[in-house]
Every structure is written in structure tokens, then in C-alpha cells.
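A quick write-up on the structure given underneath.
Every number in this text was worked out from the coordinates using simple rules, so none of it is lab data. Because the structure is predicted, anything quoted here is derived from the model rather than measured. All Cβ positions, glycine included, derive from the backbone under ideal geometry; neighbour counts span all protein chains shown.
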Amino acid sequence: MLLSLKNKITIITFMFLTIMAVPSPTQVMTEMPILAINLPKIDMKQVLCMARNIYYEAGAETMHGQAAVARVVMNRVNHGFAETPCKVIYQKTTINDNIVCQFSWVCEDKGELNKASATYKQAEMIAFQTMMGMYKDVVPKTTLFFHSINIDPAWPYKQVAKIGNHIFYSKQKVKNEQKSN
């Protein structure tokens with residue numbers, strides 16, 4: 001998809017202002033509506049869900065690692081797991097009478113996070129940028145799962161990337177002899 005010069009300038013301006021300590025994408029969108037011209041409509045509720053997920057799942061990771069986690073959520077939306085990022089993030093499944101959350105922090109009793117922290121602000125920025133269509137190449141669009149390098153769930157899926165402390169997978173099954181490689 002080719003962007004017009006006006007859209008490129010708008011995106012670059014938004015990114016520059018975000019990097020220059022603009023408090024958050026939420027404030028930018030409300031205080032500087034001129035930047036929203038010709039950009040995709042972004043539901044800030046979805047951005048905030050995504051930011052919370054990035055914060056809890058990958059807050060200590062690089063921007064690249066955080067973007068990969070965000071892409072997994074968007075890939076799941078695109079693959080029909082649920083209609084929105086919030087619904088994907090808070091999705092639960094019952095297996096053998098046990099409730100299993102798609103993202104472990106959802107089932108844990110997490111306190112309120114510090115939305116003024118630099119870690120959260122970065123997560124919010126990456127969530128917003130991901131929903132604008134950035135970071136599409138950080139992991140393949142078939143990437144639907146990830147886990148910490150500290151665990152081995154023995155998933156039968158194809159590993160597609162290792163970024164920071166996470167391993168990412170597509171749903172494509174691998175044969176048992178290939179998995180041991």
C-alpha cells in the first residue's frame with residue numbers, strides 16, 4: 001500500500017511528537033486532531049487494552065519485542081479468534097473444568113498499573129502504532145502464539161521467531177522429528 005506524501009508527513013510528525021515526550025497517543029489524538037486526518041480510525045479503548053497486554057506480557061522487552069506481542073494480538077483478530085484486540089486479550093477457554101486465559105496475566109490478580117510510567121507510555125505508543133498498521137513485518141502474519149523462553153509448553157506449532165525473551169509460533173504443525181531440531 002502506497003501512502004500519499006501528506007499521510008507520510010502526518011505519520012512522521014506523529015511519531016516525532018510521540019518520541020518528544022508527548023504524554024500519550026490518547027492525549028495526542030484529543031489535543032491535536034489535525035494529525036488524525038486521513039489516518040485509519042483507531043478505537044482508543046482497543047489501544048488501551050493492547051497497551052495493558054504489552055505492558056504485562058512484554059514490558060521489559062525492547063520495542064521490537066513489544067511490537068511482536070502486539071502483532072500476535074492483531075494476527076489473532078485477523079484469523080478470527082475474536083472481533084477486537086480487547087476480546088482476543090480477555091478471551092478465556094475452559095479445559096477439563098479449568099479456566100485458561102489466552103494471556104496469563106488476565107487470570108492473575110494484577111493490581112492497577114502505573115500509567116504514568118515510561119514503560120506503560122511506551123507500551124501505549126506501540127499499541128497505537130501497531131493498530132495504525134506499523135510493525136507488520138516484526139513477525140509473520142501467521143504468528144498466533146508466543147511464550148517465554150523460560151518455559152517449554154511442547155507446542156506442536158512451527159517456531160517462526162525468537163525475540164528477546166519470547167518464542168513466537170505460527171499455527172502450522174510441525175512433525176515430531178522436526179521439533180527436536
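Here are a few things to note about the model shown:
- Among the listed pairs K121/K141; K92/K121; K115/K173; K45/K173, those with a Cα-Cα distance over 31 Å are K115/K173; K45/K173.
- Mean Cβ count within 10 Å, highest first, over the residues of peptides 109-121, 52-64: 52-64, 109-121
- Extent along the principal axes, Cα only, for the stretch 42-179: 47, 37, 29 Å, with the longest axis given first.
- Total formal charge among the other residues, if their Cβ is under 15 angstrom from that of T62, Lys/Arg +1 and Asp/Glu -1: 0
- Computed label-point distance, nm, for sites K45 and S148 using a 7 Å Cα→Cβ extension: 3.1
- Neighbourhood charge, 14 Å Cβ-Cβ cut-off, centred on E83 and excluding it, Lys, Arg +1 and Asp, Glu -1: +2
- Bridgeable aspartates and glutamates around K41 (alpha carbons under 18 Å apart, same-chain partners fewer than 8 residues away excluded): E31, E83, E124.
- Reachable aspartates and glutamates, given that their alpha-carbon falls under 15 Å from the alpha-carbon of K158 and they are not under 8 places away in the same chain: E177
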